């Protein structure tokens with residue numbers, strides 16, 4: 001079996017390479033059914049239905065973004081009403097400064113809702129993905145560079161409670177994985 | 001149906017052929033080819049044509065920079081703006097550039113939500129165009145404030161002068177709308193770039209490239225545990241950008257519509273401005289994509305004639321909405337029986353600015369109607385030529401709305417004409433220089449096609465590809 005990274009350091013997992021999205025999809029289904037939890041599949045693009053195949057739930061990000069949007073909305077309510085109605089009421093063209101003036105504040109409320117939702121979407125996504133990070137054990141494997149090109153990979157991590165090197169190797173072979181490699185850290 | 005998109009239709013029955021979707025990527029290009037070819041545009045030696053285009057554009061950007069320095073150091077009076085035309089070319093150019101940006105967001109967000117998979121090969125370049133157009137747009141109101149060093153008064157920050165913003169002013173709405181639009185567009189664009197930057201990182205050969213693309217790719221691995229959050233973020237960004245893009249030009253139109261000036265005070269403005277923005281923006285997308293694909297010929301397998309055809313249909317559709325709005329404005333001017341409103345429109349069509357009005361009518365309403373004919377939608381030289389009419393026409397539209405309306409005040413003694421100065425003219429040309437400079441830099445350093453999304457629309461990207469049902 002090939003080894004990537006520094007063999008002295010702790011092994012990250014056993015990785016295998018696949019040729020097509022459909023092979024990877026079916027491999028993920030079987031890994032899920034075999035009861036592994038700490039595994040991931042890598043592909044050049046998101047594969048439709050892969051979350052189900054891996055047994056992953058829907059991303060929580062949507063709920064976070066709702067909270068972000070709500071924060072933006074409330075910020076805008078405060079930003080417009082506190083100065084314009086409470087601390088520094090500015091009467092322009094005889095328009096009211098109380099709650100009746102709310103339609104004039106809708107654009108600001110809308111824009112800040114969108115702005116903070118978008119910030120939450122992008123930065124929430126990065127945080128949930130553990131990004132940015134400078135290095136990862138998978139990058140020690142030279143073949144893994146093609147994950148962003150046209151190859152598909154899967155890895156079963158050593159921290160999975162069911163991990164046993166020989167079993168996993170045979171299992172990955174039975175799924176049709178090629179170039180099975182033990183990936184180490186640095 | 002896994003194989004709804006197939007490459008060969010010969011061995012299918014006529015019924016099957018009728019329901020088979022044409023392939024989005026021609027010549028049976030594989031994933032490896034897409035990554036290779038699109039990356040090679042960035043990786044190959046800088047071509048001569050690039051320098052030949054870049055240097056003149058850079059020179060024009062320099063002219064713009066000079067004009068800005070001259071304007072800031074001398075005063076905003078170096079523009080031709082004066083009573084009664086206090087908003088002139090600067091606001092015309094602002095609305096013109098902001099409008100151009102809208103097509104990019106429409107392609108990236110609205111077509112994403114409506115699952116128009118053909119968008120994948122044009123969204124990257126169109127979004128880049130959005131950003132560059134908004135940068136060009138932001139210059140004008142930034143300078144129009146007059147004392148540029150006080151532009152921070154636009155931001156709601158407590159200050160010692162006890163000045164606080166009037167949140168009921170559409171001009172302040174505009175500050176929020178445009179800055180939010182720019183920020184969200186940058187985030188959306190960058191999010192889309194991350195997986196492609198990872199491709200460039202993995203292919204990088206030199207230390208500098210590895211550092212540059214490696215840093216920008218943020219350590220992206222392409223694991224499905226990342227993709228699932230990524231896809232959710234992308235979907236929601238598209239969902240957020242869709243109302244945002246519609247709101248931005250609506251808010252821009254409020255600058256006019258909430259005033260009580262004849263010719264501006266109309267409720268039709270928001271939808272009419274948004275349709276016009278998409279109309280002009282698509283014309284600009286085609287104006288820059290057609291030459292880019294002519295230079296990189298194999299891109300025609302990704303940005304196909306069918307793409308051009310569809311964009312031309314959007315142009316003729318939105319152009320017709322704009323034409324309807326023009327006619328409805330005229331009708332309402334007559335039907336309202338308001339003498340000032342009638343006079344404003346009479347003056348637009350038959351006053352001293354008649355040439356601008358009829359140029360606008362011809363360029364925006366008449367010229368694009370030629371896209372009803374398939375021949376003109378599918379021959380690139382024709383498409384490019386016809387797209388120049390909306391490009392020019394949309395500038396005329398904003399000029400007509402702003403200058404003709406302001407030049408006739410309520411009292412004839414306050415009437416006056418606008419005359420651009422050389423600073424007006426060179427700043428306008430200079431923003432084109434800036435726009436194309438940024439676009440050329442984009443082509444050179446970032447993948448102009450969204451590689452991972454194009455790979456995902458290939459038939460073999462389907463996890464059930466090749467399986468029998």
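No lab work stands behind these numbers, since they all come straight from the coordinates. Just so you know, these numbers come straight off a predicted model, no measurement behind them. Note that we place each Cβ from the backbone using ideal geometry, even for glycine, and neighbour counts take in every protein chain shown.
Ranked by how many other Cβ atoms sit within 10 Å of their own Cβ, fewest first, the residues B:43, B:453 fall in the order B:43, B:453.
For the residues A:86, A:108, A:67, a GNM of chain A with alpha-carbon springs under 10 Å puts the largest fluctuation on A:86. The angle between the Cα long axis of helix B:48-74 and the main principal axis of chain B comes to about 30°, on a 0 to 90 degree scale. Under a Gaussian network description of chain A, with springs only between Cα atoms under 10 Å, the residue in A:43, A:59, A:84 that fluctuates furthest is A:84. Compactness of the stretch B:69-141 is given as radius of gyration and Dmax, 16.9, 51 Å, from Cα positions. In this structure, residue B:27 and residue B:358 have a Cβ-Cβ separation that, at R0 = 45 Å, corresponds to a calculated FRET efficiency of about 0.50.
Across chain B, C-alpha contacts under 8 Å between residues 6 or more apart give a mean separation that, scaled by the residue count, equals a relative contact order of 31 percent.
Full-extension gain between residue B:346 and residue B:267, please, as 0.36 nm times their residue separation minus the C-alpha to C-alpha distance.
On the way: separation 79, 0.36 × 79 = 28.44 nm, distance 1.96 nm.
Full-extension gain reported as 26.5 nm.
For chain B, the longest principal axis of the Cα atoms and the long axis of helix B:224-257 meet at an angle of about 20 degrees.
The distance from the alpha carbon centre of the stretch A:53-109 to that of the stretch B:353-372 is 41 Å, rounded to a whole number. Placing dummy labels 7 Å off each Cα toward the beta-carbon, the span from residue A:75 to residue B:153 is 2.5 nm. Springs between Cα atoms under 10 Å define the GNM used for chain A, and in it the highest mean-square fluctuation of A:24, A:90, A:74 occurs at A:90. Helical content of chain B, expressed as a calculated mean residue ellipticity at 222 nm, amounts to -21500 deg cm²/dmol (DSSP H runs of 4 or more residues, -39,500 (n - 2.57) each, divided by residue number, nearest 500).
The slack in the chain from residue B:331 to residue B:464, taken as 0.36 nm per residue of separation less the alpha-carbon distance, amounts to 42.2 nm. Using a simple spin-label model with pseudo-atoms 7 Å out from Cα toward Cβ, residue A:178 and residue A:160 lie 2.2 nm apart.
For an R0 of 22 angstrom, estimate the FRET efficiency from the Cβ-Cβ distance between residue B:210 and residue A:186 and round to the nearest 0.05.
Numbers: r = 16 Å, r/R0 = 0.75.
It comes out at approximately 0.85.
Against chain A, whose longest principal axis comes from its Cα atoms, helix A:106-128 is set at around 20 degrees.
Over the Cα atoms of chain B, each weighted equally, I'd like the Debye log10 I(q)/I(0) at q = 0.09 Å⁻¹, rounded to two decimals. Result of the Debye calculation: -0.66.
Using only the alpha carbon atoms of the protein assembly as shown, find the Kirkwood hydrodynamic radius as the inverse mean reciprocal pair distance, in angstroms to one decimal.
Working: mean 1/r = 0.0367 Å⁻¹.
Value: 27.2 Å, from the Cα pair sum.
Across peptide A:48-55, the average count of Cβ atoms from other chains found within 10 Å of a residue's Cβ is 3.
Strictly greater than 17 Å: what percent of every Cα pair in the stretch B:145-240 meets that?
Values: 3038 of 4560 pairs.
Tail of the P(r) past 17 Å holds 67 percent of the pairs.
So if I take the centroid of the Cα atoms in the stretch A:143-181 and the same for the stretch B:440-462, what is the distance between those two points in Å? Rounded to whole Å, the Cα centres lie 27 Å apart.
For the segment B:214-220, counting C-beta atoms of other chains within 10 Å of every residue's C-beta and taking the mean gives 5.
The distance from the alpha carbon centre of the stretch A:15-30 to that of the stretch B:216-237 is 19 Å, rounded to a whole number.
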